[in-house]
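What follows is a set of notes on a single structure, which appears directly below.
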């Protein structure tokens, strides 16, 4: 298959898999850097820390506290029933501080959405695929990722999904999540194509659409919430269906 028949991100010099792995590494680096900064801030100092540094650390801690409170509220009471005043009360700050530190409710969800990749540690699943040569392992990876997202970040996913029905302001955050998901599906499809494992007549772009649809967390939540499947059953169903739909018999 010539590169002109592949999506633009496949024929580019840098594969989408490398981009995802690099993004994961950056998120981990950011977390480690923050932890080191926090530890340094906790150590006794001979003199008074510089005021700008103290303010920056306090501001970041306030932002994290606000996001943690928002996450708890959204999970326990739902997006629509949660107000900024509730979150402010839980955090011990004013509503204006929430606006200054994070933003409005849709922005809270957007920033929580940014935590998903790092918290679910998707890179642990994605990175080994760079050198994987078994099509079955590659094809089943999206199901593992979906399960990991549901298990570790299901509360964030549910908050965003529920909120989207009543708040149009959530659209950009959900669109960004969808873009990342489709990029990941495209990476898997490209890898399968490079291994010569796709079904006859199925190109990488078509395979990517199939994988994105089957591994969508919204479908997984539907299977869990409405059809009472366990996360293990959902993972197996997604993986088996992707294999049947995309790989050579």
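The values are calculated or read from the model by the stated rules, or taken from the named source; none is laboratory data. The shown structure was predicted, so the numbers you read here are calculated from the model rather than taken from an experiment. Here Cβ is always computed from backbone atoms with ideal geometry, including for glycine, and neighbour counts include all displayed protein chains.
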Restricting attention to region 228-240, report how many residues are surrounded by fewer than 16 Cβ atoms within 10 Å (Cβ to Cβ) and either touching a helix residue (DSSP H, G or I) at 6+ places or on another chain (Cβ under 9 Å) or at pLDDT below 95 (or both). 5
All-but-one check, residue 154 against (1) under 13 Å from the mean Cα position of the chain (by Cα); (2) closer than 19 Å to residue 235 by Cβ; (3) buried (at least 21 other Cβ atoms within 10 Å of the Cβ), failing number (3)
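Among the listed residues 88, 118, which satisfies the condition of being buried (at least 16 other Cβ atoms within 10 Å of the Cβ) and either at pLDDT 90 or above or more than 18 Å from the chain's Cα centre (by Cα) (or both)? Spell out the reasoning first.
On the way: 118 fails: either at pLDDT 90 or above or more than 18 Å from the chain's Cα centre (by Cα) (or both).
On inspection, the qualifying residue turns out to be 88.
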For residue 28, state whether it is closer than 30 Å to residue 191 by Cα, in contact with a helix residue (DSSP H, G or I) (Cβ under 7 Å, 6 or more places away or on another chain) and either at pLDDT 85 or above or surrounded by fewer than 15 Cβ atoms within 10 Å (Cβ to Cβ) (or both). yes
The conditions are (1) within 17 Å of residue 144 (Cβ to Cβ); (2) surrounded by fewer than 14 Cβ atoms within 10 Å (Cβ to Cβ), and residue 166 fails exactly one of them. Which is it? (1)
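Quick test for you: out of 159, 143, 215, pick the one residue that is touching a helix residue (DSSP H, G or I) at 6+ places or on another chain (Cβ under 8 Å), at pLDDT below 95 and under 30 Å from residue 76 (Cα atoms).
Values: 143 fails: at pLDDT below 95; 215 fails: at pLDDT below 95.
159 is the lone residue from the list that is touching a helix residue (DSSP H, G or I) at 6+ places or on another chain (Cβ under 8 Å), at pLDDT below 95 and under 30 Å from residue 76 (Cα atoms).
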Residue 177 passes all but one of (1) surrounded by 18 or more Cβ atoms within 10 Å (Cβ to Cβ); (2) modelled with pLDDT of 90 or more; (3) closer than 28 Å to residue 79 by Cβ; which number fails? (2)
Would you mind finding the one in 133, 166 that is in a loop (DSSP other than H, G, I, E, B) and at pLDDT below 90? 166
Among the listed residues 56, 42, 81, 70, which satisfies the condition of being modelled with pLDDT of 85 or more, out of contact with any strand residue (DSSP E or B) (no Cβ under 9 Å at 6 or more places or on another chain) and over 26 Å from residue 159 (Cβ atoms)? 56
Among (1) under 21 Å from residue 212 (Cα atoms); (2) surrounded by 16 or more Cβ atoms within 10 Å (Cβ to Cβ); (3) touching a residue at least 24 places away in the same chain (Cβ under 8 Å), the one test that residue 108 misses: (1)
Could you list, ordered by first residue, the pairs with Cβ atoms under 7 Å in which the first is in region 40-65 and under 21 Å from residue 107 (Cα atoms) and the second is at pLDDT 75 or above and part of a helix (DSSP H, G or I), at least 6 apart or interchain? 59/101; 62/97; 62/101; 63/101; 65/91
Every residue from region 184-212 that is in contact (Cβ under 8 Å) with a residue 40 or more places away in the chain, surrounded by fewer than 19 Cβ atoms within 10 Å (Cβ to Cβ) and assigned to a helix (DSSP H, G or I): 205
So, of the residues in region 213-227 that are within 20 Å of the chain's Cα centre (by Cα) and more than 18 Å from residue 153 (Cβ to Cβ), which turns out to be surrounded by the most Cβ atoms within 10 Å (Cβ to Cβ)? 214
